[in-house]
Each structure stands twice: as structure tokens, then as C-alpha cells.
1. Order 82-88, 420-426, 184-190 from most to least packed using the mean count of other Cβ atoms within 10 Å.
2. Using a 1.4 angstrom probe on the protein heavy atoms only, could you order Val431, Val90 from most to least accessible area?
3. In the structure shown, do any of Lys111/Lys406; Lys111/Lys310; Lys318/Lys400; Lys184/Lys306 have a Cα-Cα gap over 21 Å, and if so which?
4. If R0 is 51 Å, what FRET efficiency do you get for Tyr100 and Val236 from their C-beta distance, rounded to 0.05?
5. If you take the beta carbon distance between Asp303 and Leu562 as r and set R0 to 41 Å, what does 1/(1 + (r/R0)^6) give as a FRET efficiency, to the nearest 0.05?
6. With each label point set 7 Å from Cα along the Cα-Cβ vector, what nm distance links Cys289 and Phe330?
7. Between Arg544 and Glu340, what is the spin-label point distance in nm, taking each point 7 Å from the Cα along the Cα→C-beta axis?
8. Let's test the formula: R0 of 60 Å, r as the Cβ-Cβ distance of Gln213 and Leu393. What FRET efficiency results, to the nearest 0.05?
Amino acid sequence: MPMDVTKWHMSTISESQEAVLSHLLLQSEILDQHDNSITEDVDCRDVGKLNASLRCAFVRTTPDCNDTDGYISYLEGAFCTFAPPLFPLVIILYVLWLLYLFIILAVTAEKFFCPNLSAISRSLRLSHNVAGVTFLAFGNGAPDVFSALAAFSDSRTAGLAIGALFGAGVFVTTVVAGGIALVKPFTAASRPFLRDIVFYIAAVFLTFYVLYQGTVNLPEALVYLLLYLTYVLVVVLSTWIYRRMRHSVLSVPSLQEPELLTESEDDGVATPHGSEYGDEYQLLSPIQCSAWQIFVNALNPIDSRKWRVKHWHWRLFKIIKVPVEMLLLFSVPVVDPDKEDRNWQRPLNCLQLITSPLLCIFAINSGIYGLYSIEGVMPVWAVVTILGALLALLVFFTTKNEEPPKYHFIFSFVGFLASALWISAAAREVVNLLRTFGVIFRLSNTVLGLTLLAWGNSIGDFVSDLTLARQGYPRMAFSACFGGIIFNVLIGVGLGCLLQMGPNKTVLQLEPQGLLVWILAGGLGISLIFSLISVPAQCFHLRRSYGFALLVLYAIFLTVALLTEFGIIRLASS
């Protein structure tokens, strides 16, 4: 920007904008001198102090406004792409896109993530609790863990990362767990519940201690990782011990059913429940179809029989979901134990051997890895396409349409990974979009982490767990509420600190934390203590009243946190 034009602007605007414009002038001068040492202490929310004509330059030159970790630069779109008079239209479009991202998350979890998870559990003969603290925890916790790793890259935001994990923990252990009890009241497994909540309290206490001392050393970072490995080992061993005990009890005739069976973990996977379409897919007699007919039918997300009997609002919502369902069907294989032949569709499954790897490489780091070239000759996406095509041809010519191959269960792992990456990519866009709303409406980093960021990172947990509960797996979903968040805290904090220490740095310094972080830790601790007391008091029969109480607890916590952030509640010394 020319100096004379800038000075004219500074003479016609209020004094509150001078500091921001001075920053722009400084950045412009530094860029003219080809110096890369751009100051990074300017908050992106200062864009609201500028005239509309200056906001685009500010967003493009301020490092804090950089949101290139997603597919769309929402800040640049809001302040540069559209003219200032159309700014309200931008807000409306972003809200609609946010709602559609929620639809993408819901469809992916309900029709692709959960069926593949169920198939994996049956293939590996895992109990619901083991599946909940491993596969489901990995799928739900990917956004949180990667966000924590990114935050720990700077010591100034390390404490904020811990606060965000605490905020998400409060949300999951109250809203998500309470929602499961409201959707599907059930009897919780006593020993797994007590085991999970004890480990979770230990993780919270360890983090509270780290925040109190203000530093993280190498042994403490390793304790985080070892604690999670111990937790997984205890889950596996307890399930194995229970199965041995149950087998020995059942092998002895008894006049009375032992109490052990009423409060145990799930022995394997529950009886199959009907999917969304129920018996409509159960054919009365086998029908021979060509490969092309199977392919066309498999890619059709609309069932004509349901379409005729459903109301207009269901049809409208179905039309809205059709684009994302088509894309998911095209790229994510589904092994559904509740469908005939475990949903084997030979031509489509072979094509998915090409599209699924492409989806995976373009879902990681906004697709940058897929565009890399191997020795500057062939891009990665081309190599993946060629290898996938060869594998697809091999499978196609060695299998039949009517009979799934013995290795069909492998497709469930491919579908699980692809759907988890779909959820992670969509959740990343949700987080970036929510951050954009925070910049536009000038919300502080603390409020953003406590509300929008915590909600955005927990969308996968909320959708996946409630979907599992509706489909008849409330124990797995409830276990994931604690197992998944244990994964987030222990792996996110432990691995994040460990990666930032390096070989020559054994201590990571944390910035001093305010009152709100202690309220976060206290809110999470209170929610855990409440469940630890109330669930055994109900004899582990989780009713809707328990779910409602958790929602009220979260509302109280959120109210106190917001009043603290806005200065209404403060320490006596302040």
C-alpha cells in the first residue's frame, strides 16, 4: 500500500485503528526488505477495528489469521472474496455450510463408521468395551489429538491446549454421556465403568499437577503415555479374565444364575440389530444380477419403497443428503454384519480399492501429501491410483458376485480408516469455520476453546456415540465417552510434550494460567465425581433422569465459565 494513501486513511479513521494500521505498515516495510521476521503478536480479532477497505490486507498479512490447515480459507473468503456490503450474506452462507458439515459428520458416522466398527469388533471378537477404548477412541479423538499436537508446538499455547482438552472432556462426560442415557437407557457394566472413571480421574489429576507446577519434564510426559498403555492393557486383561470366569461358571450346573452375568462386560458383540432399512434388504429368493446392475444399485442412495411411504420433509432431507451419500458410497467400503452377504458388492468394492486410498491421502493435511512428486517425476496420487487399480483387477477376477471372499473382513478396516478420515477432515473444517466466527464476532481465545473449539472437536464423539446408542450399542458408546477422552488427554498431552522436548530439551515451560483453566479442571473433576457416585447409587441402571442431571451440570459449568471470562466472577485479589 503506498505511504501517502495509508497516511490519508489514518487521518480519517478513529484512534483505535492506528495501532492496527501501524502493524500493517510495519509488515509492509519488512516485506519490502525481504525480511521473514514478521511479528506474530497481533491478534486476528483486531480486524474488527479496521475499516472494511483495510480488512482484506490485514487478514492476508497477519500470521494469526492463517487458517491454511483446512481446505477453505474462510477468513479470506469473508473479508476478501465478497464485497463489504455482502458481509451479512457471507455469514448466512457460512452458517448453512456449517449445518451441512454437521450432516456430513452424521451420515459418515451412521452409515459408514459404525457398521465398519461393528464388523471389526466381530472379526476380532472384541467386547464392546475394548472396541470403545481402542478403535472408537481413535476415530473420535483424531481431531483433538492433532489439535493438541499443533498447540504444543508453541509454549504460549500449550496451556490453552490443555484447557481445550478439559473443555472437550467436560462436554463429552456430561452432554454426550447424558445424551446416551436419554436416547437409550441401559444397564452399564459395573467393573468397566469403575475402571474407566478411575483412570480418567488419574489423568485429570496428573494434568492438574502439571498445570500447578507450570512445567512438564520428560518423565512426566512418559508417564502420560505409559498410563494410557496401562489402561489399554487393563481393559484387555480384564475382558480375558472375565471370559475365563464366565466359561468356568457356565460349565458348572447351577440352580441359580450367578450375579456375575448381570454386571459383566459384553462377551463379544451383541445380537445384530436392524439397520435403517430393516428387512427391506432381505430378499425372499436369490436374484442373479450382472456386475453392472450390482454397481448401479449399490451407488443408489434412495430406496424407492421408502421414498413412496415417507413424508415430504424426509424426502427433502434425503435430497440434501444425496450428494454426500453418493460421494461416500463411491469412496468408503462398508462391511455391514446386519445385511445379506455382509454387504458384499463386488464391482463397487473393487472400485473402492482405488478411491479409498486416494481419499486417505487427500484427507490428510488438506491433500498436500497427495500432490507431492516422487523424485519430481510422478505425483503420489498417480502412484496410489496405479497400485489400487492393479489390486482392484486382481480382486475382481478372483471373486464372484454372489459370494463374498474369505478376506472380505479386510474391507471393514479400509472402510473404518476412510470414514475416520472423512470425520476428521469434516471436523477440521468445522473447527476452522467456528474459529472464523470467533474472529468475526471478536470472541477471546479462552471462550473460543471452551465453547466453539470444544464443541467442534467433540462433534465426532457426539454424533458417533449417539448413533451407536440408537443402533443398540449404548455400552460401547458410553465406554467411548471415557475411553476416548482418556485417549485424548493422555496421548494429546503426553505425545505433544514429548515431540516438543527433543533430544536436548527435557523440560517444557507452560505459560501461567488464569482462573478459567482451574474452573475447567474443577468442572471436569466434579462431573467425574458425580458419575462415580450417582451411577453405583443407581445400581448401574442409567435412566433418563441421570442424563438430564448431566445436562444441567454442564449448563451450570458453562454459565460459571462464561461469567468468569467476562469478569463477573473473579478472584478476590483481582
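The values are calculated or read from the model by the stated rules, or taken from the named source; none is laboratory data. Nothing here was measured: the structure is a model prediction, and the numbers come from that model. Cβ atoms come from the backbone with ideal geometry, glycine included; neighbour counts cover every protein chain shown. To get the accessible areas, we keep the full protein, side chains included, count just its heavy atoms, and leave off ligands, DNA and RNA. Shrake-Rupley method; radii C 1.70, N 1.55, O 1.52, S 1.80 Å.
1. 420-426, 184-190, 82-88
2. Numbers: Val431 25, Val90 0 Å².
Final ranking, largest accessible area leading: Val431, Val90.
3. With Cα atoms farther than 21 Å apart: Lys111/Lys406; Lys318/Lys400; Lys184/Lys306.
4. 0.80
5. 0.35
6. Inter-label distance under the simple model: 1.9 nm.
7. 3.7
8. The computed FRET efficiency comes out at 0.50.
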